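The values are calculated or read from the model by the stated rules, or taken from the named source; none is laboratory data. None of the values given here were measured: they were computed from a predicted structure. Here the Cβ positions follow ideal geometry from the backbone for every residue, glycine too, while neighbour counts run over all protein chains shown.
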Amino acid sequence: MREAITSRQNPRVKEISALGEKKYRKATGCFRLDGKKLFLEALSSDAEIVSVWLSEGASDAVRETVERAVDEGRLDGERLVLASESVFEKITEEASPEGVVTVVRAMDHLHRTLADGEKLPEDGFGSEKLLIAESLRDAGNLGTVLRSCAALGIDRLILSDDCAELYNPKTLRAAMGAIFRLPTLRVAPDRLPTVIGELRATGRHVYAAALREDAMPIGEFSLGARDCFVIGNEGHGLSDTLIEACDASAIIPMREGNESLNAAAAATVCIWETVRAK
């Protein structure tokens with residue numbers, strides 16, 4: 001293997017380190033993944049791998065995994081960079097790094113933003129199972145929602161544009177590879193009620209997960225195969241405007257005396273109910 005990069009002042013080291021900040025991810029159109037599992041997820045997807053950084057101190061298992069990918073032609077050897085432990089400490093955000101960091105091109109084909117004036121498909125995404133999120137600001141929560149959606153069978157996540165960033169390192173860690181499998185659509189917050197209206201016009205029922213006096217307990221009303229839920233901000237829930245855009249409000253039945261579930265946990269319940277609806 002080639003000689004390791006040892007200087008923390010190397011321009012390439014500075015570039016990959018800068019990907020820890022959102023403005024640089026946006027400017028370069030790239031993001032960074034830590035660890036063996038996410039390296040393998042990127043390798044197995046149709047994502048464009050820009051570079052793979054392997055620490056001199058990586059375990060034999062990690063080193064063998066990366067080198068095998070090169071030997072099998074799954075990873076272009078020219079994209080593999082060997083880094084000294086000192087350099088690797090600079091480019092990773094992990095407290096206990098596994099010794100491999102992968103730089104990937106943003107997947108605009110999978111994670112789209114609804115353009116100004118653009119409408120949803122006339123069929124409202126057909127028979128796809130959907131979940132909608134408004135102002136979900138915590139990156140860890142968003143990552144967990146992505147993971148639950150991908151694991152349980154949601155086909156597409158629709159997000160208001162003020163939700164946490166998909167390529168935030170915390171989102172990526174919590175999503176555990178779902179970023180490569182689950183399509184998302186980002187929508188300007190003020191357009192989300194209109195989008196919900198467009199979905200309803202195709203025959204879907206859209207339910208706001210909201211603590212309202214008239215909210216119906218989940219499990220006590222009929223949910224159609226194309227119906228979906230909207231989850232809201234961790235602290236403030238859903239906006240009144242968005243709730244009014246929905247067919248009705250729904251709550252998760254809970255034992256008395258318990259705090260409400262956090263956004264990610266509540267979303268997982270809604271996801272399960274959506275997926276099992278026939």
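Within segment 1-47, track down each residue that is among the charged types (D, E, K, R) and assigned to a strand (DSSP E or B).
Listed by number, the residues that qualify are Arg32, Asp34.
One residue is enough: does segment 212-225 have a residue meeting the conditions touching a residue at least 24 places away in the same chain (Cβ under 8 Å), among the basic types (Lys, Arg) and in the same structural domain as Val145 (by TED's automatic domain parsing)?
yes
Return the total of residues in segment 112-158 being polar (S, T, N, Q) and either in contact with a Leu (Cβ under 7 Å, 6 or more places away or on another chain) or on the phi > 0 side of the Ramachandran plot (or both).
Of the residues in that region, 1 qualify.
Does Leu110 satisfy the condition of being modelled with pLDDT of 95 or more, within 29 Å of Ala263 (Cα to Cα) and either crowded, with 20+ Cβ neighbours inside 10 Å or charged (D, E, K, R) (or both)?
no
Without any contact (Cβ under 8 Å) to a residue 60 or more places away in the chain and crowded, with 21+ Cβ neighbours inside 10 Å, is that true of Ser160?
So Ser160 passes the test.
For the subset of segment 241-268 comprising residues that are farther than 14 Å from Ala210 by Cβ and part of a loop (DSSP other than H, G, I, E, B), which member is modelled with the lowest pLDDT?
Among those residues, the one meeting the criterion is Glu259.
In the same structural domain as Lys119 (by TED's automatic domain parsing), of a type in the set (Val, Ile, Thr) and within 16 Å of His109 (Cα to Cα), is that true of Ile158?
Answer is yes for this residue.
So, Val50, is that one assigned to a helix (DSSP H, G or I), over 18 Å from the mean Cα position of the chain (by Cα) and either at pLDDT 95 or above or polar (S, T, N, Q) (or both) or not?
Spelling it out, it is not the case that Val50 is assigned to a helix (DSSP H, G or I), over 18 Å from the mean Cα position of the chain (by Cα) and either at pLDDT 95 or above or polar (S, T, N, Q) (or both).
Just to check your reading of the model, which residue among Asn258, Asn262 is touching a residue at least 24 places away in the same chain (Cβ under 8 Å) and of a type in the set (S, T, N, Q)?
Going through Asn258, Asn262 in turn, just one is touching a residue at least 24 places away in the same chain (Cβ under 8 Å) and of a type in the set (S, T, N, Q): Asn262.
Would you confirm, using the coordinates I've provided, whether Arg276 is within 24 Å of Asp161 (Cα to Cα), among the basic types (Lys, Arg) and out of contact with any helix residue (DSSP H, G or I) (no Cβ under 7 Å at 6 or more places or on another chain)?
For Arg276, the condition - within 24 Å of Asp161 (Cα to Cα), among the basic types (Lys, Arg) and out of contact with any helix residue (DSSP H, G or I) (no Cβ under 7 Å at 6 or more places or on another chain) - is not met.
List the number of the failed condition for Leu136; all other conditions in (1) within 21 Å of the chain's Cα centre (by Cα); (2) outside any loop (DSSP other than H, G, I, E, B); (3) in contact (Cβ under 8 Å) with a residue 60 or more places away in the chain hold.
Leu136 satisfies all of (1) within 21 Å of the chain's Cα centre (by Cα); (2) outside any loop (DSSP other than H, G, I, E, B); (3) in contact (Cβ under 8 Å) with a residue 60 or more places away in the chain except (2).
Here is a check on your reading of the model: is Ala245 aliphatic (A, V, I, L, M), within 17 Å of the chain's Cα centre (by Cα) and either over 15 Å from Leu130 (Cβ atoms) or assigned by TED's automatic domain parsing to the domain that holds Gly203 (or both)?
Considered against the rule, which asks whether it is aliphatic (A, V, I, L, M), within 17 Å of the chain's Cα centre (by Cα) and either over 15 Å from Leu130 (Cβ atoms) or assigned by TED's automatic domain parsing to the domain that holds Gly203 (or both), Ala245 comes out as no.
Charged (D, E, K, R), farther than 23 Å from Ala178 by Cα and part of a loop (DSSP other than H, G, I, E, B): does that describe Lys90?
In short, no.
Every residue in segment 66-102 that is within 28 Å of the chain's Cα centre (by Cα), of a type in the set (S, T, N, Q) and surrounded by fewer than 20 Cβ atoms within 10 Å (Cβ to Cβ), please.
Ser96
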